[in-house]
Amino acid sequence: IEIYSLHVDCKVTSRFAHTVITSKIVNRANESQEATFEVELPKTAFITNFSMSIDGEVYPGIIKEKAAAQNEYDTAVSQGQSAGLVKITDRKLEKFHVSVNIAATSKVTFELTYEELLKRQLGKYELLIKVQPKQLVKHFQIDVHIFEPQGIHFLETDSTFMTNELTEALTTVQNETKAHISFKPTLDQQKKNPELGETLLNGDFVVRYDVKREATAGDIQIVNGYFVHYFAPQEMPVFPKNVIFVIDRSGSMTGRKIEQTRDALLKILQDLRPEDHFSFITFNNKVVEWKNSLLPATEENVASAAALVQTLTARGGTHINGALQTAVGMLEQAEGLPERSVSMIILLTDGQPTSGERNVEVIQENVQKAINGKYALFCLGFGFDVSYKFLEKMALSNGGIARRIYENADAALQLQGFYQEVATPILMQIEMQYPENSIEGLTKNNFKLFFEGSEIIVSGKISDELELLPVEIKAQSHTSNLTLTEEANVKEKEQVFQNQKYIFGNFIERLWAYLNIQQLLEKAISAQEEDQKALEAQALDLSLQYSFVTPLTSMVVTKPQQQEELANKPTEAG
C-alpha cells in the first residue's frame, strides 16, 4: 500500500481555520488489501466533511443527529463489530481513523475537512498540524495561507522533526496582512538515512502568530451580514490577585504526581506579584490550612510557602467538599485585601471525593451557594481517575474553567502553563453592547474576567438595513471604570474581504455557528435539566445546519458493500 500524495491545505481567515487533508493511496500488490487513513486533529476543531473515492466512485460521510445515526448503525451492524472512528489521543489532539479494503492495483483518495476558531493564549494563536505519514510520500505538501485584515504582528513556524535538510523545504512568504507557509520535502529530504525507507516526518508542525491591534475598542469584521468583534486590550494595569491553592494530597497522588505538583507550585510561587495575596490549603481526609488567612506575596512569605510545598506528601482520602468550603471561608473572612482585586480558588485533585460529603451533586450545590458569584473557581483534574464532568460543572458554575492535566513527563509544565493563563487579570465585568433591534443571534457578550494574552470574541447577524454598527464596551480595570466605543461602517468592512481569492465564502457565518455551538454546549454543562435540553437542541440544530461533527452529531461513513461506520466527537468528560 503506497501513499503517493498527501496534501494538507489550511486557510486561516481572521483566526478561523479551514483545513483539508487529502491522501491518495494505491494498492501496488496483486491482491486486495486494507488502505488506512489516519489523521490527528485538534480537539477544538469540528470535522465538517469526509469522503473516500475508490476507483472513481465517491463514498461521502453524512452528518446526522447522534441518536438517529446510532440507531441506524446498530441495525446495520451486529453488536460487537462497531468501531468508533474518532478517539482522544492526548491533551490537544484526537484521532480520526478509517480503513477500507481495496482491490489489487486500485486507487483510493481520502479527504477530510475540519474547522476551528484559533484561540489566543499567552499572546498568540497556534495552528497545530500533526504529521505522521508512516512512510515516504512522493508528493508531500503542507500549505498554510493566513489572511488577517488587522495585520500580522509576528509569525513563526516550529516543528518537532525539522532537520537542516528539511528546513530547505520550508518557505514563508509574508506581507502586511497575508502569509503563505509551504512545506514540500522531496523523497530524499524525508529519509532518515539514504539507504532505508524510514521517514523523518513524524510529529508536530506548528504555526504561531499574533495580529496587530490599534483600535482600543477592538476590531470588527463583516461578511455577508454576519459580524465578528475581536477585543484584546493591551498594556493595561494588572489587578492584584487573591488566590488560594487547594491541593489534593490523598494516597492516589503518591509518587510522580505529587512530585510534579511540588515542582509546578514552586515555579508558580515565583510568579506571584508582590501585590498579590495567597494561601494554601492541602487535603486528604483532613483539611489543613497553611495559615489561617491570606498573606501578601512578599519574598519572606513566598519562601515560607515554598518550604511547605517541599514537604508535601500524599496519603489518605479525598475530602473535596471540606477543602473548598474552607477556601471560600478564608476569602470571606479575609481582611486588608486590595479594594480592586480578583479573588480565585485553584483546585488540583486526581480523584473522586471519598471523605466527608461524597455526593458530587451535593458538593456542587454547596460550593455554588458558598461562592455565590463572588470568586472564580478553577478546577484542574490530574489524570483519568477524576470525574472530569464533576470538576467541569463546578468550575463553569463558578466563573472559572476546568482543565485535565495529562499524566506524562510535562505535567508540571501543564500546571504552570495553566497558571500563566490566569495570572494576569486586567479587566472585570466586561459587557459588549450592540444595538439590540438590529442584531440577531448574538453570542455570549458578558464576561467576568479578561486575562492578558487572551481575546474576547463576539459574533452575530446584522439586520439588512444597518449601515453603521455602533459598539460600546463597559468594563472595570484596576484603576478605573472604562467605556469604549467604536462604530463600524458595514459596507466598508464588507469590502475588506470582497477581493480575497482564498476566503472560504461565508466564513464569518461559519465562525458564528462554531462559536455558538461551543458556547451552548458549555452552558449546557452547568444548566438545570430542562434548560440543558433546550440548549442542546439549539446546538444540535446549528451542528446539522452547518454540518459540524459535534458531541451531538455523528458522521455516518458508508464503505463499499454497504458497510457503515460512525465518527463521533469525543469530549474530555467522556
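The values are calculated or read from the model by the stated rules, or taken from the named source; none is laboratory data. Predicted, not measured: the structure shown is a model, and the values here were computed from it. Here Cβ is always computed from backbone atoms with ideal geometry, including for glycine, and neighbour counts include all displayed protein chains. With ligands, DNA and RNA removed, areas are computed over all heavy atoms of the protein, side chains included. Shrake-Rupley method; radii C 1.70, N 1.55, O 1.52, S 1.80 Å.
Here are some notes:
- With respect to being open to solvent by 40 Å² or more (accessible area, probe 1.4 Å) and at negative phi, Thr113 falls outside the description.
- Taken over the range 300-311, the criterion of being open to solvent by 40 Å² or more (accessible area, probe 1.4 Å), under 20 Å from Asp263 (Cβ atoms) and not hydroxyl-bearing (Ser, Thr, Tyr) is satisfied by Ala303, Ala307, Leu308, Gln310.
- Flag for Lys212 being modelled with pLDDT of 95 or more and either open to solvent by less than 10 Å² (accessible area, probe 1.4 Å) or under 26 Å from Glu494 (Cβ atoms) (or both): yes
- Residues satisfying the stated conditions in the range 252-266, i.e. of a type outside the set (Val, Ile, Thr) and either assigned to a helix (DSSP H, G or I) or surrounded by 24 or more Cβ atoms within 10 Å (Cβ to Cβ) (or both): Ser252, Met253, Arg256, Lys257, Glu259, Gln260, Arg262, Asp263, Ala264, Leu265, Leu266
- For the range 215-251, taking the residues that are open to solvent by 30 Å² or more (accessible area, probe 1.4 Å) and among the polar types (S, T, N, Q), the one that is nearest to Ile473 (Cα to Cα) is identified as Thr216.
- Residue in the range 400-408 that is closer than 25 Å to Glu529 by Cβ, of a type outside the set (Asp, Glu) and part of a helix (DSSP H, G or I) present: no
- For the range 530-574, a residue qualifies if it is in a loop (DSSP other than H, G, I, E, B), touching a residue at least 24 places away in the same chain (Cβ under 8 Å) and surrounded by 16 or more Cβ atoms within 10 Å (Cβ to Cβ), and the qualifying residues are Tyr546, Ser547, Phe548, Thr550, Pro551, Leu552, Lys569, Ala573.
- Meets criteria (open to solvent by less than 60 Å² (accessible area, probe 1.4 Å), in contact with a Ser or Thr (Cβ under 7 Å, 6 or more places away or on another chain) and more than 28 Å from Val342 (Cβ to Cβ)) for Leu484: no
- The range 147-189: number of residues that are open to solvent by less than 30 Å² (accessible area, probe 1.4 Å), in a loop (DSSP other than H, G, I, E, B) and without any contact (Cβ under 8 Å) to a residue 60 or more places away in the chain: 3
- Taking (1) touching a helix residue (DSSP H, G or I) at 6+ places or on another chain (Cβ under 8 Å); (2) crowded, with 16+ Cβ neighbours inside 10 Å in turn, Glu452 satisfies each apart from (1).
- Gln141 vs. criteria surrounded by 14 or more Cβ atoms within 10 Å (Cβ to Cβ) and within 28 Å of Glu2 (Cβ to Cβ): yes
For every residue, the table says whether it meets (1) under 25 Å from the mean Cα position of the chain (by Cα); (2) assigned by the TED database to the domain that holds Val287; (3) of a type in the set (Lys, Arg); (4) closer than 28 Å to Leu117 by Cα.
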residue: Glu198; (1), (2), (3), (4): no, no, no, no
residue: Gly203; (1), (2), (3), (4): yes, no, no, yes
residue: Val207; (1), (2), (3), (4): yes, no, no, yes
residue: Phe231; (1), (2), (3), (4): yes, no, no, yes
residue: Arg256; (1), (2), (3), (4): no, yes, yes, no
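- Restricting attention to the range 327-372, the residues that are of a type in the set (A, V, I, L, M) and in a helix (DSSP H, G or I) total 10.
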